[in-house]
Amino acid sequence: MSDGGCASRSIAVTVNGSVCRAEAPVRLTLSDFLRQTLHLTGTHLGCEHGVCGACTVLVDGRAMRSCLMLAVQADGHQVTTIEGLAAPDGSLHPLQAAFCRHHGLQCGFCTPGLLTTLVEFLKDCPDPTAAEIREAISGNICRCTGYDSIVAATIEAARALRGDGTTP
Amino acid sequence: MQRDRRSDAPAPPGLPPGPRAVIGQSLPRLEDGPLLRGQGLFAADVNFPRQVTMRVVRSPLAHGRLVSIDAAAALAMPGVVAVWTGADTAAIPPIPFRATRVRGLEPYCQPILARERVRYVGEPIAAVFAEDAYVAEDAADLVSAEIDPLPAHLDAAAPPGEFLPGLGTEATVVRKEYGDVEAAFRAAHAIVALDLSVGRHSGVPLETRGAVARYDAARDVLELHGTAKKQHWNRDEIARLIGRPTHGVHLFEGHVGGGFGVRGELYPEDVLVCLGALRLQRPVKWVEDRREHLVAANHSRQQRHRIRAAVDAEGRLLAIDNVFFHDQGAYVRTHGARVADMAAGLLPGPYRLPAYRVAGHFRLTNKTPAATYRAPGRFETSFVRERLMDAIAARLGLDPVELRRRNLIGRDEMPYARPVDALGVDVVLDSGDYHALLDRALARFDWAGTQARLADRRARGECVGAGLAFFVEKSGLGPADGVRVSVDATGSVELVTGAASVGQGVETVLAQICAEALGIDYRRIRVVRGRTDRIEFGNGAHASRVTVMSGSATYLAALAVRAMALETAAMELQTTAEALTIRDGRILRIARPDEPLMALGDIARQMGPNSPLMRGRTPGLTAERWFYSDHMTYPYGAHLAQLRIDRDTGEVRVERYLVAYDIGRAINPMLVEGQIAGGFAQGLGGALFEEFRYDDEGQPLSTTFADYLIPTMAEVPPVEVLIAEDAPSPLNPLGVKGAGEGGTNAVGAAIAAAVDDALGRPGAVTRLPIAPRTMRRLLAETAR
Amino acid sequence: MKPPAFLYHDPRSIDEAVALLARLDNARLLAGGQSLMPMLNMRYVLPDHIIDLNRIEALAGVRQIGETLRIGAMTRQRDIAEHPLVRSRLPLMVEALGHVGHRQTRNRGTIGGSLCHLDPAAELVAVAANLDATIEIVGPKGARLLPMAEFALGFMTPAIAPDEMVAAVNLPLPAARHGYAFLEMARRHGDFAIVAVAVVLTLDPAGRLATCAITLGGAAAVPRRMAEAETMLRGAAPDALLFGRAAATARAVDALEDAQVPGWYRRQVAETLIERALATAHRRAVAANGMAS
Ligand code: FES
Ligand code: FES
């Protein structure tokens, strides 16, 4: 930290497992850093004021709104985005697969934020009720689906992640 | 979601009878892969080297004389490339009408940058071009405008006044009439009159608008990316506005984060980026922020209706006389007078109505311009019409269901021509068995049992009620759509359509239709849409038209390709085409189905231009077909709601909701249910939560997602869906009707009826949305 | 909607942060950012300097000191809600946090940030007021303690000087056997409350109300302790009628008016929620004391 503060800083963020180094203006939001600097455009911006949840990413495993963080604040931290959910061999994460089967997405704009939020939620709460799911993702607005198919998909994904029952 | 679907629709012509392998199946979507992996291409994801970012400076006042704009400070900022004001774009004509042009509306068209006057908060007054979005916003903040404030017109139902020098607030009056209305009112057993309002709200897709233009000098083509809905019309108009040949402009659609009527209209910003790319010779990117979206993209819905009905002693409608005020906002954009026209033409809905007169006062106010939003003119008028039906029932002491039964048009009266028009075509209800659907919906909801249970709960002090609304939608607006289906040498199929996709699953639906007709796995079909460089004409995606129009064209084109393939194979195999069929992309003899003979790809190769077989013929296993329609199809349905009101806080909890919807034939029931569930959530927003509010000066109060209340998962209950296929449309080969808007249409109506029922006070709800404070007041009045 | 230009500082210690505050003009402290970042993105605030507190480890943590819970200003809301001490001794806090924003904002948002933002509708502000919290403030002249009632100076205005910052909040723990309730009404789940009510009460061996604290959030410019109701209840034998009378004191509240919510509506909802919260808190107190209700 220089005495006068800085307008730009070189940072190193581990994104989806690999270290990304870049010079970041200090006012650059984490979301713009991901989208513009790293070209990871899967993280979407629906409001940029912390209401819609479309920009949600995992920071050190916790779901956070990337429009409400500065890129410099992620320096030295681990970030997981939608691009990092599928397995290295390309197979879908159980949540992704269940969203497809249950029509949990239409336009898909809200989907990355929902999936990242749910990844954390199902770690904390592996066997949730529908009511718990509704509460957990009430911070993610979806304008297309009416939400119920998302709840159904989440229940199925939870089952798959727990390893009980076969997925259809 | 529970499914309840009958699949006894007859086989589409041209295909063998029996169960369909692909059509009617809830297959997973083709669209999902990239969207689930974060590999979508939404407008803001489009980037080009050397691009500059555009930022629009917007009017801070609702109405005023624009004296001057000072851009010197902005221009002096490092990283700023240009700043334009109205003077720089004076030569560009205003945004044109696409629909429902009515004489007299032209002076109300919107220029791409304001000159002389500003007319609503959010109106573009300058455009800043800079190296990135951050700098562009810094510079835009430095642009200062001197504006002499003028009083704002905010109430469309107020007496008409002067909107602009020499121009009134009333741009036109939409009038329709048939039958002897006066005589009906004179003869009436009873007259019921209501004054009802619907609040201003809109589609508000989760993706804001965006546009990226680039001029490719090498090919002399201007490209616009991030487009939606109406690429071909927008291309033609952009070319005209900026003075280029139509072939020198191409529009591209990537992924679209929801359309709902709002996205994909031609807006000032679209023209500005195109002009920027040409003048600056650099790609120009514009991404709207949410605050801009809420004041700049089309609003919708705000209307006030003063409606009167004349009825006989049995409650049969004799006439309706309606006067309504349509709050258009500050400009008339691409839709002309369409929403008011549809409200006027479609208000009678599913009922027999001997005489009808309507006057829709189309009024300008100093608010964001309005246009269509999912079920435009129908969400509003279903609320009005069904409120009216409930009021008639209450007045005559009739059961609301029985009253509807008496007035619903009968199955034997179909097709039913109503002597009015809407969207420029005559309203001819093509098919339907309204009574049967009503009965099925009531049975499914256990309406009688529900009434008893609610009565019980009310007796125990709870404030609970149920309500119902019946409606007719419209879909499949013509006049034409074309599709080209081609098989390549690998056996993969490309389907090029002039339709667009705003996220509903268009690709999957068209692929399913194509797969069924052609006999190939739907996953081997690539659907190309929303691109003007791949197909000459197109009418886009709106008004629930894609499945009907493009779906029918797909069907015809795929059948044509099928016939070509069979014919070529028959020559090769020295048999007749009738003896062959196609399954899984392979030709086989009907008599020996276990022996696949040749693949579609083989035939495509043999039909190449160098093949001796093709000498003298047009090569390629490909066909383009067009489907024409002069009339719309009319799906119909019922909404049934049960809810509970917290007496102390006025909060409404929807406990159960059923949408019963007959769409003729469901191509993919899972997607239909998705449309209905999503449509319902939006309807619920308009019924209980969402409203663009303004203060007395015309300052918008709903400019963030904290103030414009989109229902979240905690507010939207699961919805039950009953998809019926009782009445396939006779107007297209598949019998389909559009499914996009029925989930939204009657939500306001059904919720209002259920609230009345809970309060035990017919007619209590006169305005949407019903905010808790309104409810609290109604509760207090009811207690008195 | 991008943040304006500023210079960025991320001190590693409280002293460093205080020194920066003393030296820099027009500086804003950045805690969890769940309120400040939207304000920056919307350019409602235009600071020259941002002092980011997220790398000061000493500011985070929950500790019991005697019968007080000391929560560091930068403790995340989610960590507070999951802390065993909070869960066992301060269930009111857990219940209130259930209404604070959403999972994603609680993962990042801090208690200190919420208190300093001092939105009258914020749940944590109401809880702090209800528990008679003391705010630990540090500045160039060292540390000082300020009762919550004095800290909440006015509408979104905490009583801290520009060169001071909040280091921690001290929450006196209610008696082990107490009753509590946190209720709120918001338009949508997770929104700021139109009205929120926090209640903590204890019973004497005879089942009468020994102590009772009632706080109204969202209704007035600052969280409002319902002193008249508290006096009415103290020493009294609890019943529904009494709770109703106590709740009726909300009718005198000078409630906020805004475009969405008129004052009369806030007062009516406040009355309802106080009555319900008292009933719930009483029921829980009875259960905690093993009394028959
Ligand atoms: S974009 Fe971050 S919450 Fe909406
Ligand atoms: S799928 Fe479109 S916003 Fe959720």
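Below is a table of values for the structure above.
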| read-out | value |
| --- | --- |
| Difference of contour (0.36 nm per residue) and Cα-Cα distance, residue C:245 to residue C:13 | 78.5 nm |
| Under the Karplus curve 6.51 cos²θ - 1.76 cosθ + 1.60, θ = phi - 60°, whole-Hz ³J(HN,Hα) for region B:144-152, x wherever Gly or Pro sits | 10, 10, 9, 10, 7, x, 10, x, 9 |
| Burial ordering of B:649, B:554, fewest other beta-carbon atoms within 10 Å first | B:649, B:554 |
| Cα shape, region A:30-102, gyration tensor, a/c 1.5 rule | prolate |
| Given chain C, longest segment not containing exposed loop GluC sites (Glu not before Pro) (DSSP; at most 13 other Cβ within 10 Å) | C:68-256 |
| Whole-number percent relative contact order across region A:8-84, with pairs defined as alpha carbons under 8 Å at least 6 apart | 38 |
| Spin-label model distance (nm) - residue B:589 vs residue C:231, 7 Å beyond Cα toward Cβ | 10.4 |
| Residue B:571 paired with residue B:761, simple spin-label distance in nm, labels 7 Å along Cα-to-beta-carbon | 7.9 |
| Ellipticity estimate at 222 nm from DSSP helix runs (n ≥ 4, -39,500 (n - 2.57)) divided over chain B, nearest 500 | -8000 deg cm²/dmol |
| Distance in nm between pseudo-label sites at residue C:45 and residue B:306 (7 Å out along the Cβ direction from Cα) | 5.1 |
| Cβ-derived FRET efficiency at R0 51 Å, residue B:706 paired with residue B:182, nearest 0.05 | 0.50 |
| Cα gyration tensor shape for chain B, rounded if a/c is under 1.5, else prolate or oblate | oblate |
| Ratio Rg/Rh, restricted to the protein assembly as shown and using Cα atoms, in which Rh is the Kirkwood radius | 0.97 |
| Packing-based exposure ordering (other Cβ within 10 Å, fewest first) of B:84, B:286 | B:84, B:286 |
| Cα gyration tensor category, rounded, prolate or oblate, for region A:94-162 with a/c compared to 1.5 | prolate |
| Efficiency of FRET between residue A:19 and residue A:91 - r from beta-carbon atoms, R0 25 angstrom, step 0.05 | 0.50 |
| Footprinting exposure proxy for B:549, B:571, B:342, B:77 (fewest neighbouring C-beta atoms within 10 Å first) | B:571, B:77, B:342, B:549 |
| Note, ³J(HN,Hα) from phi for region B:248-256, Karplus 6.51, -1.76, 1.60, rounded to Hz, x at Gly and Pro | x, 10, 10, 10, 10, 10, x, 8, 10 |
| Proximal lysines to residue B:737, defined as alpha-carbon separation beneath 27 angstrom and excluding residues fewer than eight positions away on the same chain | B:176, B:229, B:230, B:474 |
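Any read-out appearing in this document is the output of simple, stated calculations on the displayed coordinates, not a laboratory observation. Treat the numbers as computed from the prediction; the structure is a model and nothing was measured. Counting neighbours? That spans all protein chains shown, and the Cβs are built from the backbone with ideal geometry, glycine included.
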